[in-house]
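Data first, discussion second: the structure below is written as structure tokens.
The values are calculated or read from the model by the stated rules, or taken from the named source; none is laboratory data. Computed from a prediction, not measured in an experiment: that's the story for all the values here. Counting neighbours? That spans all protein chains shown, and the Cβs are built from the backbone with ideal geometry, glycine included. What goes into the accessible areas is simple: the full protein's heavy atoms, side chains included, and nothing from ligands, DNA or RNA. Shrake-Rupley method; radii C 1.70, N 1.55, O 1.52, S 1.80 Å.
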Amino acid sequence: MESGIAARAAALEVLSEVLRRRRPLDLALAADIDNAGLAPRDAGFARAIAGETLRRFGQLEALIATFVPKAPPPHKAGPALEILLMGACELLFLGVAPHASVDAANRLAQQDSKAVHFKPLINAVLRRIAKEGKAEIEKQDTAKLNTPDWLWSRWRETYGDDTARAIAQAHLHPAPLDLHVKTDPQGWAQKLGGVVLGGNIVRLGEGHRVDQLDGFESGDWWVQDFAASLPAKLLGDVKGQIVLDLCAAPGGKTAELVSAGAEVIAVEREGERLLRLRENLQRLGLEAIAIEADVRDYKPDAPAPFVLLDAPCSATGTIRRHPELPWIKSAADINISANAAAELLESAAAMVAPGGLLVFAVCSLEPEEGSEQIEHFLRAHGDFAREAVTADDVYGMAELVTPDGDLRTLPCHLAAQGGMDGFYAARLRRK
């Protein structure tokens, strides 16, 4: 029980960091769980509580509101609401026994100087949820509740009602683990108990400790979602060619290009992320020139025949991996990202040699960051033209190609196999 309390206390701190201070989940997990000295099993439990509570945040909040019409004011109640959310998540989605979950919630409240005053409320509400919660959950519109209004309305407008709902439904399931193997995907799939999706991508189920898998220490593969592997593939045959990989960290696309025989110059603005890229390449036994620079200021020695820009964005295509994103971002973030992407695209285009190829990509579902960027760019740059993506470029998956000839993956694609990240990419040829 004591270790269970420690795990829950760590999860509570993560949720407070994310929901109150809008801190990204990965950073909060690293600070409050990875450094908490928990046993591996307890750390896994803490991660499960925090991740699933955020994944189901909308419906958990709505459920609690049915039993507590007026939420406790945060300045008086401290983390009381987070304790309720966690407890409800344990009861309804993690299969924790009611007596264990309710008792743990009471003990967490007891340890906080503000939440302790709401301990009777927490106890009563969780006991009701243990008895009535499943029936209430079955009445909910799960996909819609777990998608904030600002995203739900955007996706309906962009993709239509059915696809918007399919996207939201896909976000209810954690992403599987995709590995990009250097060679012999069938052999690695058999060795690791996975399946080959396409090319050199082997998919495993969720819940694996990456550093404990065969092939990690020996550098036989790296982690890369299937969709994230497609933009580099759009460059075609790069063997022996110079490729500029812009905004390159953490290095999956760099590794992909080097493995394809390219001479890669990887440019990344953030020093810590560039260090991670170098460490990843070292583990893989791959070599690339890594340069710390802002793409908008970087000037290559000469224009390159191939340029790949994976621009920073709102990352709404990665919500399966980052369930906090809908709740810590807003439409304003999309506008900021879109403006920055336009500047980066201008800079990247200037690095492309005549006759060369530029691939622009974002892991966003929002048109302002993807297709609208390309439309604006092409109207202003008569020296570039779209080179249409075909089904052959993406392993025959015609559903991943837009009518304009761009790449558009959605979390609901490959649903039977576990989905994929949402990516947009366009291929542009300099005349």
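Scoring residue 373 on the criteria (1) more than 21 Å from the chain's Cα centre (by Cα); (2) closer than 22 Å to residue 302 by Cβ; (3) surrounded by 21 or more Cβ atoms within 10 Å (Cβ to Cβ) leaves a single failure, condition (2).
Scanning region 298-333 for residues that are in a loop (DSSP other than H, G, I, E, B) and aliphatic (A, V, I, L, M), we see that the one that is surrounded by the fewest Cβ atoms within 10 Å (Cβ to Cβ) is 302.
Select from region 270-294 the residues that are open to solvent by less than 30 Å² (accessible area, probe 1.4 Å) and of a type in the set (Gly, Ala, Ser) and list them in ascending order. Hits for region 270-294 are 290, 293.
If I filter region 219-227 for residues that are among the acidic types (Asp, Glu), touching a strand residue (DSSP E or B) at 6+ places or on another chain (Cβ under 6 Å) and surrounded by 24 or more Cβ atoms within 10 Å (Cβ to Cβ), do I get at least one hit? Yes, some residue in region 219-227 is among the acidic types (Asp, Glu), touching a strand residue (DSSP E or B) at 6+ places or on another chain (Cβ under 6 Å) and surrounded by 24 or more Cβ atoms within 10 Å (Cβ to Cβ).
All but one of (1) in contact with a Pro (Cβ under 7 Å, 6 or more places away or on another chain); (2) open to solvent by 40 Å² or more (accessible area, probe 1.4 Å) hold for residue 148; which doesn't? For residue 148, the failing item is (2).
Of 215, 205, 198, all but one fail to be in contact with a helix residue (DSSP H, G or I) (Cβ under 9 Å, 6 or more places away or on another chain), surrounded by fewer than 19 Cβ atoms within 10 Å (Cβ to Cβ) and within 17 Å of residue 413 (Cα to Cα); the exception is 198.
Would you confirm whether or not region 114-127 contains a residue that is under 25 Å from residue 321 (Cβ atoms), part of a helix (DSSP H, G or I) and open to solvent by 50 Å² or more (accessible area, probe 1.4 Å)? No. Just one of (1) of a type in the set (A, V, I, L, M); (2) open to solvent by less than 40 Å² (accessible area, probe 1.4 Å); (3) part of a loop (DSSP other than H, G, I, E, B) fails for residue 388. It is (2). For region 344-361, check the following and say yes or no: at least one residue is part of a loop (DSSP other than H, G, I, E, B), open to solvent by 10 Å² or more (accessible area, probe 1.4 Å) and of a type in the set (S, T, N, Q). No.
In region 57-93, the residue that is modelled with the highest pLDDT out of those that are part of a loop (DSSP other than H, G, I, E, B) and open to solvent by 40 Å² or more (accessible area, probe 1.4 Å) is 73. The residue pairs whose first member lies in region 151-172 and is within 17 Å of residue 59 (Cα to Cα) and open to solvent by less than 40 Å² (accessible area, probe 1.4 Å), whose second member is outside any loop (DSSP other than H, G, I, E, B) and aromatic (Phe, Trp, Tyr), and whose beta carbons are closer than 6 Å, counting only pairs six or more residues apart or on different chains, are 167/155. Annotation note: of 94, 15, 84, the sole residue that is over 21 Å from residue 207 (Cβ atoms) and either in contact (Cβ under 8 Å) with a residue 40 or more places away in the chain or under 26 Å from the mean Cα position of the chain (by Cα) (or both) is 84. From 51, 44, which residue is surrounded by 14 or more Cβ atoms within 10 Å (Cβ to Cβ) and touching a Pro at 6+ places or on another chain (Cβ under 7 Å)? When all the criteria are applied, what remains is 51. Does residue 136 satisfy the criteria of being out of contact with any Phe, Trp or Tyr (no Cβ under 8 Å at 6 or more places or on another chain), open to solvent by less than 10 Å² (accessible area, probe 1.4 Å) and within 26 Å of residue 326 (Cβ to Cβ)? So residue 136 fails the test.
Of all the residues that make up region 362-377, how many are closer than 20 Å to residue 257 by Cα and part of a loop (DSSP other than H, G, I, E, B)?
Initially, region 362-377 is screened for residues closer than 20 Å to residue 257 by Cα, giving 362-363.
Now restrict to residues that are part of a loop (DSSP other than H, G, I, E, B): 363.
The number of residues fulfilling the criteria is 1.
The residue that is nearest to residue 266 (Cα to Cα), counting only those in region 330-345 that are out of contact with any Leu (no Cβ under 7 Å at 6 or more places or on another chain) and touching a residue at least 40 places away in the same chain (Cβ under 8 Å), is 343.
What's the total number of residues in region 400-425 that are open to solvent by 40 Å² or more (accessible area, probe 1.4 Å), out of contact with any Leu (no Cβ under 9 Å at 6 or more places or on another chain) and closer than 29 Å to residue 174 by Cβ? Outline the logic, then answer.
Pass one, region 400-425, residues open to solvent by 40 Å² or more (accessible area, probe 1.4 Å): 403-404, 415-417.
The next check asks that each one be out of contact with any Leu (no Cβ under 9 Å at 6 or more places or on another chain); those that pass are 403-404, 415-416.
When the remaining residues are screened for being closer than 29 Å to residue 174 by Cβ, the result is 415-416.
Residues flagged as open to solvent by 40 Å² or more (accessible area, probe 1.4 Å), out of contact with any Leu (no Cβ under 9 Å at 6 or more places or on another chain) and closer than 29 Å to residue 174 by Cβ within region 400-425 amount to 2.
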